[in-house]
Amino acid sequence: MQRYFSLADCDVMGFDLDHTLCRYHLPQSARLIYDSFAQYLVTEKGYDEDLLTLAPDNLDFCCKGLVLDIEEGNFLKLAEDGTVLRASHGTKSMTSEEILETYGRREWKHFNTVSGMVSRSAKYYLYDNYFDLPGALLCARVVDSLDQHDAQKKYDFWKDMVAAIQHNYKITAFKEDCGMYFPEVKNHPDKYLQRCPESVKKWLKQLKSAGKILLLITSSHSDYCRLLCEHILGNDFEEYFDIVITNALKPGFFSHTPNQRPFRTLENDEEQEALLSLDKPGWYSQGNAIQLYELLKKMTGKLDPKVVYFGDSMHSDIFPARHYSNWETVFILEELLGDKVTLPVETESEPLEKKGKYEGDQLQAPYFVSKQWGSFFVDRLPGLENAEEILVHTWSCKCISTYSTIAIPSLEAIADLPLDYRFTRFSANSSATAGYYPSPPRALLPNEELVTTK
């Protein structure tokens, strides 16, 4: 594997939509997603009305990379070897002693399954993107609320949470104005959506004029996709792409066979009959990467066209595109914008003057670092004396260097670069920070380097 990666060498550029091409105003969209699920749990399933009120600092709980142990009601932040670095029961942080007593210093019981597939199951849920995170806060508050009324041995709220998600996001919800989410985004798109920067629109056009094939592959249904694209790119958005695939149901799009997940045509946003093969560019629904790749071979006239896919979810985009399709992957990681904290602060024990250094900036940053969960990239091992010296990489951080070609904070960060710009890629024989562009997260830099980069 070469050390460098260049977009000029790729024949096909694939893009995810939500949080990749379409960026959201995060505080507003997080609140809307939270409210849309909470409203359903309270009105349809009889949960406590307190779930509907949210204090401004409640959203601090939201942090990518957490795993919910569903039956125990515990949230876990894992180290790269699967040990538990931080945990909370509901919203309440567990102490180092409680973590060591419950989980020990050994691999979490489901780590093998979750890490092999970057997966989810009936026993745990991995929170790895901004659509999911408000649901983590709601589940944590549900656990708090159930504990108040009655000590639980095993928790059974997950089926209701799934029902809340389905109610708000089912394929007909946009058309029927069902739930709270779609009607609100339809009525106030500017409140939730950031328009695509001119530099990115220009870049997409440049890619196309350089002969690249452009794909949009999103799990959003066609009607919501159209709303987003018209708002962020303009009414001519279809001209940017050769192929648009909606309701792609990732990660299944990459892992399923043509029989399991055929492509379908659309008429007035209704899915039509299954296609036996994909013969020409256009707008399709569902589908699979295998038949798409056959079409790309035809379109490029190459036996082995090189595809790069840009996405923000390790579970739905990056892991499956790399693992099943062997595509190059560019991970969109907004955490690179807000990683101002050099070390995860111990909230109780640090004196205030040490803590306050970055906190003023954090609130203005487009992305904030959770005080409860600390850095997305590194953390101290719990319960060790003199632990300042022992920082370990998180499991999320390990996944980035394992499955991404490079990681960037946004498309805008690379839109002005020449097409043949050479990025240093992540690889087993380069440093752990090699693939981050434009610069590695500060938390990953050794302290000497911190001094020189201030």
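The values are calculated or read from the model by the stated rules, or taken from the named source; none is laboratory data. Since this is a predicted model, take the numbers as computed values, not measurements. Surface accessibility is based on the protein's heavy atoms, side chains included, excluding ligands, DNA and RNA. Shrake-Rupley method; radii C 1.70, N 1.55, O 1.52, S 1.80 Å.
Rounded to the nearest percent, how much of the accessible area of the chain (1.4 Å probe, protein heavy atoms only) is carbon and sulfur?
Roughly 49 percent of what the probe reaches on the chain is carbon or sulfur.
Under 22 Å between alpha carbons, and skipping anything fewer than 8 positions from LYS45 in its own chain: which lysines qualify?
LYS123, LYS153, LYS154, LYS159, LYS170
Nearest 5 percent is fine: what portion of the DSSP beta bridges confined to the chain is antiparallel?
55
Could you tell me whether the range 26-187 comes out rounded, prolate or oblate from its Cα gyration tensor? Rule is a ≥ b ≥ c as square roots of the eigenvalues, rounded for a/c under 1.5, then prolate if a/b exceeds b/c, otherwise oblate.
The shape class here is prolate.
How large is the accessible surface of HIS167 in square angstrom, using a 1.4 angstrom probe and rounding to the nearest 10?
60
Given N residues in the range 228-339, what is Rg(Cα) / (2.2 N^0.38 Å)?
Against the compact-globule rule of thumb, the ratio is 1.13.
To make sure I understand the rule: partners must be lysines, Cα under 17 Å from the Cα of LYS212, and not fewer than 8 residues away in the same chain. Which ones qualify?
List returned: LYS201, LYS202, LYS280, LYS297, LYS298, LYS302, LYS306.
Karplus couplings for the range 222-228 from phi (6.51 cos²θ - 1.76 cosθ + 1.60, θ = phi - 60°), rounded to Hz, Gly and Pro as x?
4, 5, 5, 4, 5, 4, 4
Please list, ordered by chain and number, the residues whose modelled amide H lies under 5 Å from the amide H of PHE263; skip anything fewer than 5 residues away on the same chain.
The list, which skips near neighbours in sequence, is LEU275, GLY287, ASN288.
Taking 4 °C and 1.567 mPa s as the conditions, I'd like the Stokes-Einstein D for the range 45-112 in µm²/s, using the Kirkwood hydrodynamic radius from alpha carbon pairs.
The estimated diffusion coefficient comes to 97 µm²/s.
Determine the per residue accessible area of the chain with all protein chains present and a 1.4 angstrom probe, expressed in square angstrom.
Result: 44 Å² per residue.
For q values of 0.09, 0.11 Å⁻¹, compute log₁₀ I(q)/I(0) with the Debye formula on a Cα-only model of the chain, without solvent.
Debye output, listed in q order: -0.60, -0.91.
To test your reading of the geometry: what angle, between 0 and 90 degrees and rounded to tens, separates the Cα axis of helix 289-300 from the longest principal axis of the chain?
That helix lies at roughly 40 degrees to the long axis.
Karplus couplings for the range 111-123 from phi (6.51 cos²θ - 1.76 cosθ + 1.60, θ = phi - 60°), rounded to Hz, Gly and Pro as x?
3J(HN,Hα) across the range 111-123, in whole Hz: 4, 4, 5, 5, 7, x, 10, 6, 10, 10, 8, 5, 9.
Using just the helices of the chain, give the 222 nm mean residue ellipticity in deg cm²/dmol: DSSP H runs with n ≥ 4 each add -39,500 (n - 2.57), and the total is spread over all residues, rounded to 500.
Calculated mean residue ellipticity at 222 nm is -9500 deg cm²/dmol.
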